Amino acid sequence: MYGETSVQGSKNSILPILAATVLIRGQTVITNCPRITDVDATLKILRHLGCVVTREGNTVTVDSTDVNKYDIPEDLMREMRSSVMFLGAIIGRTGKASLSTPGGCEIGLRPIDLHLDAIQRFGVNIREEFAKIEFEAMKPLEGVNIALSFPSVGATENIILTACTAKGTTVITNAAREPEISDLADFLNSCGARISGTGEGTVVIEGVKELHPVQYRVIPDRIVAATYMAAAAMTHGKVRLTNVIPSHIAPVIPVFEEAGCDISISQGSITLTAPPCLRSIKTIRTMPYPGFPTDMQAQIMAMTTLCHGTSVIIETIFESRYKHVSELLRFGAKIRVDGRMAVIEGVGSLTAAKVIASDLRGGAALVLAGLAAQGTTTVENIKYILRGYENMSGVLTSLGCDIMKEERNTADGGKENS
Ligand code: UD1
């Protein structure tokens, strides 16, 4: 894999930012919006709520002046776990919300207790009925102090969204520090919100009466960037990525360096040059930002299958995020899993296989293994990959990889991609 590519906008930024537009009367314009199916699902929810949404290329315009609903139907909720992100924005706008239990990738239990506890603190009544949860603010929302028991990304974002137009000051301690949270705050601040401290663990939100529409560009996707870096490392290649913020990729750089890759950084771009033979990684432990991201665990595991020596990965964020392991074994990889720990013995080369994706990043890991394997690999069920990677096959083709996306008719008359 050789060449240069510009990295798409961040999935984990655009989703809460689109949810945030519910709080804003008038026309908000978001640029650098990735063309991924999670964005399609988010736009469907916005339209359901009464927003007028238009999309042209990578620019999305949302006018939330006439929001007239406060529920998210079950089918839309099922499409994507991040739909829970609408909770804070819908309550902030209407004082009510009605959601069913969220869907998303199958990577663990993914409860929403931290979101619910926090929302309740704002004086919102919560009633659970069958698979539905009804929320109602008993009085105008007022700022609160919330100490999170775990720095949940989604809960931090939901609290910010609830607090930004509540009366008074909200303080979140042990807040998540992911760059996407700072991006959400930067967006909201440009709309008139008063949020400080994102990226530092304690976030302070001073409520404002209303937000005004703006034009905003979302940050580049650090996980997509690191995925293409792993692809270059696994194919003994060299890739230059533009439209990146190198400091956001910093948590994964030491891993590539330990494997023997050369990394050079300049403003807005990063270049990875792979060595002839990758070295094993001693131990990688997934952690909240600025630790090693759980969203890169599967792709780095795919890389370590080729490294000389034994590597260890410990997944601390999600309890069952090893669904890709059984599929990587089909390529001839040697991986043993014991609870949250995976031990990978490098095998030097992989053999092509027919495999099935069962989550977004795990699916990307299978594509990477396929690029490095001898022979032709087929990855089925790529609907998961399309949730987060914009035109992955096109990007990889432009970098000299031999890959193509195929659409087939299924027995029940539907379409299936591989
Ligand atoms: C976000 C990211 C996802 C990433 C994850 C961790 C988006 C759209 N998704 O997901 O790509 O993998 O951060 O970096 O931004 N938890 C609870 N109770 C809660 C909330 C979370 O127990 O109420 C647990 C989860 O089950 C999980 C851990 O906390 O084990 C991390 O979850 P969280 O940080 O909330 O991740 P998400 O916001 O779902």
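The values are calculated or read from the model by the stated rules, or taken from the named source; none is laboratory data. Owing to the predicted nature of the structure, the values given are computational and were not obtained by experimental measurement. Backbone-built Cβ (ideal geometry, glycine too); neighbour counts: all protein chains shown. Surface areas here come from the heavy atoms of the whole protein model, side chains and all, with no ligands, DNA or RNA. Shrake-Rupley method; radii C 1.70, N 1.55, O 1.52, S 1.80 Å.
Remarks
- Filtered residue count, the range 4-45, keeping only those that are within 16 Å of the ligand (Cβ to nearest atom), under 30 Å from Thr273 (Cα atoms) and open to solvent by 10 Å² or more (accessible area, probe 1.4 Å): 3
- Complete set of residues in the range 388-418 that are open to solvent by 30 Å² or more (accessible area, probe 1.4 Å) and assigned to a loop (DSSP other than H, G, I, E, B): Glu390, Asn391, Gly400, Asp402, Ile403, Met404, Lys405, Glu406, Thr410, Ala411, Asp412, Gly413
- Elements of type strands (runs of 3 or more DSSP E) contained in the range 8-108, each with 1 or more residues being over 30 Å from Lys139 (Cβ atoms): 27-31, 52-56, 59-63
- When residues of the range 140-186 are limited to those that are assigned to a strand (DSSP E or B) and over 23 Å from the mean Cα position of the chain (by Cα), the one farthest from the ligand (Cβ to nearest atom): Lys167
- Selection within the range 369-381 - among the aliphatic types (A, V, I, L, M) and in contact with a Phe, Trp or Tyr (Cβ under 9 Å, 6 or more places away or on another chain): Ala369, Ala372, Ala373
- Only residues that are modelled with pLDDT of 80 or more and within 9 Å of the ligand (Cβ to nearest atom) were counted in the range 87-123, giving 8.
- For the range 346-364, the count of residues that are part of a loop (DSSP other than H, G, I, E, B), closer than 18 Å to Leu278 by Cβ, open to solvent by less than 20 Å² (accessible area, probe 1.4 Å) and assigned by TED's automatic domain parsing to the domain that holds Ala302 is nonzero.
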